[in-house]
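This report refers to the structure that appears directly beneath it.
The values are calculated or read from the model by the stated rules, or taken from the named source; none is laboratory data. Not measured: the values here are computed from a predicted model. FYI the Cβ positions are ideal-geometry reconstructions off the backbone, even for glycines, and counts take in every protein chain you see. Note: areas computed on protein heavy atoms with side chains; ligands, DNA, RNA excluded. Shrake-Rupley method; radii C 1.70, N 1.55, O 1.52, S 1.80 Å.
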Amino acid sequence: MTPAARIEAAITILDRILGGDPAEQALLRWSRASRFAGSGDRAAVRDLVFDSLRRLRSRAALGGAMTGRGLMLGMCRDEGRDPQTVFTGEGHAPWPLSADELARGGAPEAAAALDLPDWILPAWSEALGEAVEPVAMAMRKRAPVWLRANQLRATPDQAVAVLASEDIAAAPYPDLPTALCVSAGARRLAASSAYRDGLVEMQDLSPQLACSLLPDRGSLLDYCAGGGGKALALAARGLSPVTAHDADVSRMSDLPARAARAGVRVQITPPDKLSGRFDLVVADVPCSGSGTWRRTPDAKWRLTATQLAALVETQARILDEAAARVAAGGGLAYMTCSLLRVENQAQTAAFLHRAPEFELVTERLFTPLDASDGFYLCLMQRH
Ligand SMILES: C[S@@+](CC[C@H](N)C(=O)[O-])C[C@H]1O[C@@H](n2cnc3c(N)ncnc32)[C@H](O)[C@@H]1O
C-alpha cells in the first residue's frame, strides 16, 4: 500500500470508530476485509489510527471536522505536510479536498489543545497542578514497551541477551534493573522464546516500580487479580503463598498458563471460597484508566462523569472488602492506573478515615513524566 492508501484506510476506520465501533474491532474489521495489506501496512494503519485517537480534538480542530478526513487533514497540517500531496484521488489515495474542506480548520484551544475532554480538565488540574500540560502532552505520544525480567527464570542481563538473539533490543531501567525498556522488535515479543519460556512478562514500568515498594515476604492475596500481572510480579519478589481472586472468575482464565510459564504457584480462588487473612492484600481496582490513555486512547473519549462516579463507589466497596482480609500487622496495597485524585488520594484518605485500624505507610503517584504510565499506589498497614 502507498502511504496515501494507508491514510485512506485510516479514514475509513476512524469513521467507524467515530460512529461508535470500539477501536480494536474497527481495525480488525478492516484487516479481515483487506487481505492485500501486508504486516507493515497493518502496523502503519494501526499507528495512524491510534495517533489520531490520542490527538482527536486537536487534529479535528486543525482539520476542521470530526471525521476521518478531517482527522487526516489535521494530521497533515500538524506535521507540516502539504495535504494536497496526500489527498490526490490517485490510485487508492483519498479524494482531493474540496474548497470548503481547504478553508476550514484552525488552532485548537483550551482542553482541545491538550486533547482532553472538557469535563475532565478540572479533575486533571486538581491531580497534576503545574504538570497539567506536560502530562496531557505526554498522553498524546505512543507509550514505550516495557517488560519485567522474571528473576525466577533469568537475570535481567540473561533476559536481555536472549531477547537480543531474537532481534529484540531491550535495556534495564537504571533504578529497577528487572524493568526492561524495549527499543526495537516489540512486535516479535509475543512469539519470542524469551516470552514463551517465562524469562520476561509484559508489564509497564510504573506498576513494576509500585510492586518494588511492597513487602517481599509473607502470604499474598491479589483481590482483583484479573490477568494476574501484580500477583506474578509479587510472587517473583518472594511472596508466598499467592492467592488470586476476582469477582469475575473468567478474568483469571489466562493466569494458570502465565503462572506455569513464570514458574510460580498461584492458588486461584473463586469469591465464594475465599477465607482467612493475608500478610499483604493487593487491591488493583477497576478505574478510569486515565493513566494509560495513550495505550487505550479511545477510552479517554468514552469515559463519562457518571461512569467515573460509579467507579469511585465500586473502588470504596472493594477497599472495604479487601481490608477485611488483611491480617494483624499486614499490608493493604491500593492501586489504580488512574491519575485522578478522586480515585486515588481522596479514595484512600476516606478509607483511612472510616478504618482507623489502618495507617498510611507510603503513597506514590507515578506520571508519564517520571515513569511510564500514570499509576497510583497507597500502601497501608493494619495495627
Ligand atoms: C484493574 S483490573 C485488575 C488487573 C490485574 N490486577 C493485573 O495486574 O492484570 C480490575 C479487576 O477487578 C475486578 N473486580 C471488579 N469488581 C470487583 C470486586 N468487587 N471484587 C473483586 N474484584 C473485582 C475486575 O473483574 C477486574 O479484573
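Could you look at the chain and say what percent of its accessible area is carbon and sulfur, using a 1.4 Å probe and all protein chains? List each step's numbers first, then the result.
Details: 8870 of 16770 Å².
Solvent-exposed carbon and sulfur of the chain make up 53 percent of the total.
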**Study point:** Stretchable slack from Ala99 to Leu369, in nm (0.36 nm times residue separation minus alpha-carbon distance)
**Key:** 93.0 nm
Exercise for review: Could you name the lysines whose alpha carbon sits less than 18 Å from that of Lys141, not counting residues in the same chain fewer than 8 places away?
Suggested key: Lys300
Practice item. For Lys273, list the aspartates and glutamates whose Cα falls under 19 Å from its own Cα; do not include residues on the same chain fewer than 8 positions away. Key: Asp222, Asp246, Asp248, Asp320, Glu321
Exercise for review: Using the heavy atoms of the protein chains and a 1.4 angstrom probe, tell me the accessible area per residue for the chain in square angstrom.
Suggested key: 44 Å²
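For a quick check of your reading of the filter: which trypsin sites (Lys or Arg not before Pro) in region 191-285 sit in a DSSP loop and have no more than 16 other Cβ atoms within 10 Å?
Passing sites in region 191-285 are Arg217, Arg265, Arg277.
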Study note, to complete from the structure: For the chain the mean separation of alpha carbon contacts under 8 Å (6+ apart) over residue count, i.e. relative contact order in percent, is 13 percent
Practice item. Mind putting together the pair-distance distribution for region 3-108? All Cα pairs, 10 Å bins, whole percent per bin, short to long. Key: 16, 50, 30, 4
**Study point:** Chain lengthening between Leu121 and Gln84 when straightened (0.36 nm per residue, less Cα-Cα)
**Key:** 9.8 nm
Practice item. Give the distance, in whole Å, between the Cα centre of region 280-297 and the Cα centre of region 224-266. Key: 17 Å
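Please work out the ratio of the alpha-carbon Rg of the chain to 2.2 N^0.38 Å and round it to two decimals.
Ratio of Rg to 2.2 N^0.38 Å for the chain: 1.07.
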**Study point:** Cα centroid separation - region 88-124 against region 330-345, whole Å
**Key:** 35 Å
Revision key, fill the gap. Taking r as the C-beta separation of Ala349 and Glu166 and R0 as 56 Å, the FRET efficiency to the nearest 0.05 is 0.75
Review point. Would you list Ser372, Ser250 from the most to the least accessible area, probe 1.4 Å?
Key: Ser250, Ser372
Point to revise | DSSP-defined beta bridges in region 215-382 - what % are antiparallel, rounded to 5 | key: 50 percent
